[in-house]
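Attaching a single structure in structure tokens format; questions to follow.
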Amino acid sequence: METLLVDFRSEALTAVVYISHSIIGFALFQNVIYLVQLVLAYVELRRKRPISPDSTLWHMLTSDITQPISLFAPAYNEEANIVESVHSLLALHYPHFEVIVINDGSTDGTLETLIDAFELVPVERSFELSVSHKPVRQIYASSRNRKLVVIDKENGGKSDALNAGINVSRYPLFCAMDADSLLETDALLRVVQPFVDDPSVVAVGGTVRIVNGCTVRAGHITKVALPKKILPLFQTMEYLRAYLMARLAWSYLDALLLISGAFGIFKRQTAISVGGYSHGTVGEDMEILVKIHRKLHEEGTKYRIAFVPEPVCWTEAPETLGVLYRQRTRWQRGSLETFFKHRKMLLNPRYGNVGMLGFLNTLIVDVIGPPIEVAGYFMIPLFWFLDMMTFELLLAYTALTFVFGIFISVGSLILEEMELKRFPAPSDLVVLTLAAVLENFGYRQLNNIWRVAGYWQFLRKVQGWGKMTRTGFKKKS
Amino acid sequence: MDLHITIWQISLVLAAVSPVVMMVLVVNRIFYIRLRQNRLARADELTMKVLTYLDDEDMDEAWFDSLRGRDKKLLGSLAGDLLRLVRGDNRKTLINLLRHLDTVDRQIMVLIKGNQRDRITACANLAHFDDEKVINILTKTLDDKDFDVRISAARSLADLGRIPSVDILISKLDASTGLRSRALGNLFRDLGQAAVPELTAVAADIDQPEQFRILAINALGQIGDYAAIDPLIELANDPRLEIRAAVYRSLAVLSHPVVSSVLPAGLRDTSWEVRTQAAFCAGRVGALNVVPILIKMLADNIWWVRYRAGEALYAMGDVGLEMLQVVAKEQTLAGESAGMILAEKLPAAE
């Protein structure tokens, strides 16, 4: 009996050593990926200075060098903000553009508010059903501003609304965004630059920042400031890491898998060629980009997807745990849906860096990362408490799970300060540095737990976005 | 040393050092903000002084002579903004003042030694000073290793009307992406009428990259010289569809009636992209000889072809409108297309 117990303990210890080393090894691998991203982002920022000189923007504004763009603003029950948002879009600096608001079967007064505010009248605008979407009830044009078109359609979700926009638009480029996204007035000029430089560019993403705390007047940010609440503050750091570090690095490697749904410019014809946005997914922004990668690689077409590090779009971040939870679980579901739908691309050399690096990163960071990391939160302290692993292992785990993240977060902030300087006050930088430290002790772990919850929802095939409560920009004025 | 302890120590050091670096940057920012505020305030003062100088005959250049070197440098960097504010004689006076303050030499120094952003701005600023020194440095900058700087220099040369020939542009801007940039197309256009023979040769040269030929064809249309029409018509039979489509696009811009003769071939092209552009061209030219073909195209299997054919008919005035109204009565695809165009265009015209 005693021998059996000894054997069992010995086997258990072996298993613990194996498990703990796997968790730590995985955490190390993840952190190395982050470190590489940070270095690549730095290289990319040094290679091409992120701020366009005024003379370049002036030239783009006054010459016919840029292609016309259709801006899609899908709106569902946006009565409170829609007029201000549309005014802000119509005031953008760009030579040729149209704003297409897609009222996705709102049940509030979104359409009526638009009709009143912009003197909309029903018009005939013929279009081809190149990509599928729910029926269009009526198209309106504004008597006051010829740049504005409103599509009133049956409810079908954001991807369905964007597909309607793709069909109705006639310009070669379109900008997919949220109705409540706030764009910098020269956002289009800055982001369209890759299309000017290189005709093989099929999509461009821009940096999205958190608007909470900023002063917004007439649809424009008049003062950049940090959120007062802790949750949006942590998200400000998160966005900084996601855009200035991760996306820039993946774009450098030609393996960018996500252009935010809040702001991205696409070649219309390319989007049509992949069937537009897919229905029945909550990660439509990632899915369309992966579809584009997949199709163009399979065709052997030379193409490029670019990313512009300059902040061009501002969006509202959730301020409560409940809303943030719903957002994060949805993001996780979207990521998993896309990954498994296109799993054939994983480590497939046919898809170049997208398959070999981009998909591998998704596998590590989105697919197997969260469950392993969350398992580590419980198992590693338990193993140490039961005296089944050494203190050195515990230290290494703590370093990789809590401490190293500080360097990555503050490193992103350092990049921001060196190259962009978009946070106006030095005190903002101090607050953000503190946030970059603190977010590693609780917030990041909470996010991982939510991602596991998203995993569970994905396995249970939960659909839908959940209720997203927005404060609205008006209250921030 | 134990690997695990090493991981712990490295993480700890990096986590400790990064906030320290950040704090150094915060201190740097405090100084940066102060400097920037001072600079902006001084820039406003100098701008006001310049505008006063332009309006006030009693104020002479001597006031500016007494400026410190860094103020003169600041004025130089403002040159582009200032010159955009004024026109006519005031502009000439301002250019003379800036020359007097050695702005040209200072901007040339920035172009040689500055960072990418400042060098691009210096190129734009130098575009206002037409002298050999400027032309030489801008021409030399066409060899710069940075494509954005090269294209800025070329643009400034274009603004000065001193842009080099197509051949030089090709050789200087020949970079992996450079030749494909839409910016290059604009430079071709800015070469003007004198470059039409050269651009025609490039457009016809099948050994040139396709995108490059397209830029040349587009420029031939935008320059607006009818001398380009015959060479373009010859290219309408090019085996490459993108070239043919570009040809009809440019012929549409030129909008000369002689184009009518080549339109039937374009409207019957096997490529829908070419048919679309040819239909657009027919509308621009008002080519009544192709009305029957355009009516047939209202039943084309590609939406864009049907739409452009309908638009072309509508653009032809009463003849086209009558045809559209007749066809719209049919219960066919052509009838549907005609109805669609009438429904869209007629209310807009009222």
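The values are calculated or read from the model by the stated rules, or taken from the named source; none is laboratory data. Just so you know, these numbers come straight off a predicted model, no measurement behind them. Here the Cβ positions follow ideal geometry from the backbone for every residue, glycine too, while neighbour counts run over all protein chains shown.
Within the bounds of segment A:312-323, is there any residue that is touching a residue at least 24 places away in the same chain (Cβ under 8 Å) and in a helix (DSSP H, G or I)?
Checked against the condition, which is being touching a residue at least 24 places away in the same chain (Cβ under 8 Å) and in a helix (DSSP H, G or I), segment A:312-323 yields at least one hit.
Select from segment A:173-182 the residues that are under 15 Å from the mean Cα position of the chain (by Cα) and at pLDDT 90 or above and list them in ascending order.
Result: A:C175, A:A176, A:M177.
Quick one: A:Q37 ticks every box in (1) buried (at least 19 other Cβ atoms within 10 Å of the Cβ); (2) within 14 Å of chain B (Cβ to nearest Cβ) except a single one, so which number is it?
(2)
Just need a number here: residues in segment A:100-115 that are within 15 Å of A:D178 (Cα to Cα) and polar (S, T, N, Q).
3
Give, as residue ranges, the helices (runs of 4 or more DSSP H) completely inside segment A:48-140 that count at least 1 residues that are more than 26 Å from the chain's Cα centre (by Cα).
In segment A:48-140, the matching helices (runs of 4 or more DSSP H) lie at A:54-62, A:110-118.
Between B:L40, B:L74, which is away from every other protein chain (no Cβ under 13 Å) and surrounded by fewer than 16 Cβ atoms within 10 Å (Cβ to Cβ)?
B:L40
Take the residues in segment B:106-119 that are at pLDDT 90 or above and more than 20 Å from B:T47 (Cα to Cα); name whichever of them is nearest to the other protein chains (Cβ to nearest Cβ).
If we take residues in segment B:106-119 being at pLDDT 90 or above and more than 20 Å from B:T47 (Cα to Cα), then B:R119 is nearest to the other protein chains (Cβ to nearest Cβ).
Same structure, new question: Across segment B:120-157, what is the total count of residues that are within 21 Å of B:R84 (Cβ to Cβ) and more than 11 Å from chain A (Cβ to nearest Cβ)?
The total comes to 9.
Is it fair to say A:M389 is of a type in the set (A, V, I, L, M) and not in a helix (DSSP H, G or I)?
Judged against the criteria, A:M389 is a match.
State all residues of segment A:155-201 that are among the acidic types (D, E) and in contact with a Cys (Cβ under 8 Å, 6 or more places away or on another chain); if no residue qualifies, say none.
Scanning segment A:155-201 gives a single hit, A:E184.
Quick check on this structure: which one of A:V36, A:V123, A:V32 is assigned by TED's automatic domain parsing to the domain that holds A:Y171 and of a type in the set (V, I, T)?
The conditions single out A:V123.
For B:P239, are the conditions met, namely being more than 24 Å from the chain's Cα centre (by Cα) and either assigned to a helix (DSSP H, G or I) or of a type in the set (S, T, Y) (or both)?
Considered against the rule, which asks whether it is more than 24 Å from the chain's Cα centre (by Cα) and either assigned to a helix (DSSP H, G or I) or of a type in the set (S, T, Y) (or both), B:P239 comes out as no.
I'd like the full set of residues that are β-branched (V, I, T) and more than 7 Å from chain A (Cβ to nearest Cβ), limited to segment B:1-32.
Answer for segment B:1-32, where residues must be β-branched (V, I, T) and more than 7 Å from chain A (Cβ to nearest Cβ): B:T6, B:I10, B:V13, B:V17, B:V20, B:V24, B:V27.
May I pose another question? So, in segment A:418-462, how many residues would count as being within 14 Å of chain B (Cβ to nearest Cβ) and either surrounded by 15 or more Cβ atoms within 10 Å (Cβ to Cβ) or of a type outside the set (S, T, Y) (or both)?
24
Determine whether A:E84 is out of contact with any Leu (no Cβ under 8 Å at 6 or more places or on another chain), buried (at least 19 other Cβ atoms within 10 Å of the Cβ) and at pLDDT below 90.
Taking the combined requirement at face value, the residue satisfies it.
Here is a follow-up. Does A:L257 meet the test of being hydrophobic (A, V, I, L, M, F, W, C) and closer than 21 Å to A:F359 by Cα?
Here the answer is yes, as A:L257 does meet what is asked.
Name the residues in segment A:148-158 that are in a loop (DSSP other than H, G, I, E, B) and either over 23 Å from A:R294 (Cβ atoms) or modelled with pLDDT of 95 or more (or both), would you?
Selection gives A:E154, A:N155, A:G156.
Condition first: within 19 Å of B:L288 (Cα to Cα) and either assigned to a loop (DSSP other than H, G, I, E, B) or under 23 Å from the mean Cα position of the chain (by Cα) (or both). Now tell me which residues in segment B:242-270 satisfy that.
If the condition is that a residue be within 19 Å of B:L288 (Cα to Cα) and either assigned to a loop (DSSP other than H, G, I, E, B) or under 23 Å from the mean Cα position of the chain (by Cα) (or both), then B:Y248, B:R249, B:L251, B:A252, B:V253, B:L254, B:S255, B:H256, B:R268, B:D269 are the ones that fit.
Go through (1) within 14 Å of chain B (Cβ to nearest Cβ); (2) closer than 27 Å to A:F402 by Cβ; (3) surrounded by fewer than 16 Cβ atoms within 10 Å (Cβ to Cβ) for A:I23 and report which single condition fails.
Single failed check for A:I23: (3).
Would you call A:L189 modelled with pLDDT under 95 and in the same structural domain as A:N103 (by TED's automatic domain parsing)?
yes
Considering only segment A:159-194, how many residues are in contact with a helix residue (DSSP H, G or I) (Cβ under 8 Å, 6 or more places away or on another chain), over 24 Å from A:T215 (Cβ atoms) and not in a strand (DSSP E or B)?
Result for segment A:159-194: 8.
Of everything in segment A:438-452, what is in contact (Cβ under 8 Å) with a residue 40 or more places away in the chain, aromatic (F, W, Y) and either in the same structural domain as A:L233 (by TED's automatic domain parsing) or in a loop (DSSP other than H, G, I, E, B) (or both)? Give them in sequence order.
None; the set is empty.
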